1. Can you find a residue in region 151-160 that is closer than 21 Å to L76 by Cα, open to solvent by 30 Å² or more (accessible area, probe 1.4 Å) and part of a helix (DSSP H, G or I)?
2. Can you find a residue that is modelled with pLDDT under 95 and open to solvent by 20 Å² or more (accessible area, probe 1.4 Å) anywhere in region 287-296?
3. For region 242-255, does any single residue satisfy the condition of being modelled with pLDDT of 95 or more, among the hydroxyl-bearing types (S, T, Y) and not in a loop (DSSP other than H, G, I, E, B)?
4. Can you confirm whether D364 is without any contact (Cβ under 8 Å) to a residue 12 or more places away in the chain, of a type in the set (D, E) and either farther than 18 Å from L385 by Cα or part of a loop (DSSP other than H, G, I, E, B) (or both)?
5. Hey, does region 105-118 have a residue that's open to solvent by less than 20 Å² (accessible area, probe 1.4 Å), at pLDDT below 90, touching a strand residue (DSSP E or B) at 6+ places or on another chain (Cβ under 6 Å) and hydrophobic (A, V, I, L, M, F, W, C)?
6. Just one of (1) in a helix (DSSP H, G or I); (2) buried (at least 23 other Cβ atoms within 10 Å of the Cβ) trips up V344, so point out which.
7. Within region 346-394, work out how many residues are within 21 Å of S174 (Cβ to Cβ), touching a strand residue (DSSP E or B) at 6+ places or on another chain (Cβ under 9 Å) and of a type outside the set (G, A, S).
8. Hey, could you check region 328-339 for residues that are touching a residue at least 24 places away in the same chain (Cβ under 8 Å) and open to solvent by 30 Å² or more (accessible area, probe 1.4 Å) and say which is nearest to T300 (Cα to Cα)?
Amino acid sequence: MNAGDRVRVDRADQRYEGVLLPSSTDEHLVVKLDGGYNVGIDRDEASVDVLESDVYDVESAQDEEGTSEIEFDDDLPTVSLISTGGTIASTVDYRTGAVTAQFDAEDVLRAVPDLAGMANYRGRVVANILSENMTPAVWQDLARAVYDEIEAGADGVVVMHGTDTMQFTASALSFMLETPVPIVFTGSQRSADRPSSDNVMNAVSAVEAATSDCAEVLVCMHAGESDDRCALHRGTRVRKNHTSRRDAFETVGAEPLGTVDYDTDGDNAVSFRRDYQSRGEQDLALHDELATDVELVKFTPGMDTAVLEAAADGSDGLVIEGTGLGHVNTDWISVVEDLDIPVVMTSQCLEGRVCDRVYDTGRDLLDAGVIEGEDMLPGTAKVKLMWALENSDDVAKAMGTPLSGEIQQRSTPWL
């Protein structure tokens, strides 16, 4: 049997039929099933029958996919593709069946031929990690890399990032960089080997956004279940609200800033529904210092004050995700008052604004020195506090001042 043959594989009480693909190890068979999924099978435990030979020309397909001829065109903008890893730049490890980050930026260009002709590209790898392994140190490396790419003349930047912590990294770059061009984060909820993968549409839409007029840090992901539109979210207002849906990302407290209408013929349209910072409106600047010892604590009923004390011990600052308008158990208030670090209050509610002037608990927290986090998302508040501690002489004022769209206009009653 050879790669490209149609085979039937029996293993234990399971039967698989599909096209045999090349394998990265001699110990495993890789079969593409009729539904589009790939499966890895231990060769020693399998019985294989060849149903039809050479039904698929694997060798020619590999040659086509292994080349990426993207020529420089003076009439096209230049987009820098920066890879940090994640599912959009991943493949399946058939030893374990798990998805692992392996591709660099050039591999993404080969995997998404639709990108050809949209822009001139420069590729750069900052990290090759799954996003649960992201750290503030990598945020800093990424911010510096983006700065260098823009300074070198990039008309836009696309950052490929794992979706699980993308909102934190997008927030970090929103504060660390003043940018004259778009910086667009994108990722994939489903890897390229799956028939429902969102990697192509997200990547193409992200490049469209990176060549648009909106010079902000954006997150570009599916806007719905269909393959027709991507949403453009501000990096400081976005949250991943579903573990696996392709439209997992939402702007909290508002509609997305914009959309990209996706057309398989390449006629993609970018539009925005609210004001934004325009291309070239501000000069490029980097403020990449961060206080990394900042903790985020979610209060729940009955939580011991020892949790708060442990989180604050050795920390430069603390963000509390309180209930409702920004409350915690009254036993916490005296502990907060004794802390010699900035404490920012946010809400675990998905929408709305912290207001500690309504109830006694809130007033007592303000007297104890708590800084109201307005309507910032808790994760964004943590990142902003890390940044403010190193870049502002008045942390409390900085936390209450909208810097990168993280604080929206004050909530008003429904009319």
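The values are calculated or read from the model by the stated rules, or taken from the named source; none is laboratory data. Computed from a prediction, not measured in an experiment: that's the story for all the values here. We place every Cβ from the backbone using ideal geometry, glycine too, and count neighbours over all the protein chains shown. Just the protein is used for accessible areas: all its heavy atoms, side chains included, with ligands, DNA and RNA removed. Shrake-Rupley method; radii C 1.70, N 1.55, O 1.52, S 1.80 Å.
1. Within region 151-160, one or more residues are closer than 21 Å to L76 by Cα, open to solvent by 30 Å² or more (accessible area, probe 1.4 Å) and part of a helix (DSSP H, G or I).
2. At the first step, the residues of region 287-296 found to be modelled with pLDDT under 95 are 292.
Okay, now just the ones that are also open to solvent by 20 Å² or more (accessible area, probe 1.4 Å), so 292.
Yes - at least one qualifying residue is present in region 287-296.
3. Checking region 242-255: at least one residue is modelled with pLDDT of 95 or more, among the hydroxyl-bearing types (S, T, Y) and not in a loop (DSSP other than H, G, I, E, B).
4. No: the conditions fail for D364.
5. Yes, there is a match, as at least one residue in region 105-118 is open to solvent by less than 20 Å² (accessible area, probe 1.4 Å), at pLDDT below 90, touching a strand residue (DSSP E or B) at 6+ places or on another chain (Cβ under 6 Å) and hydrophobic (A, V, I, L, M, F, W, C).
6. (1)
7. 18
8. Among residues in region 328-339 that are touching a residue at least 24 places away in the same chain (Cβ under 8 Å) and open to solvent by 30 Å² or more (accessible area, probe 1.4 Å), the one nearest to T300 (Cα to Cα) is N329.
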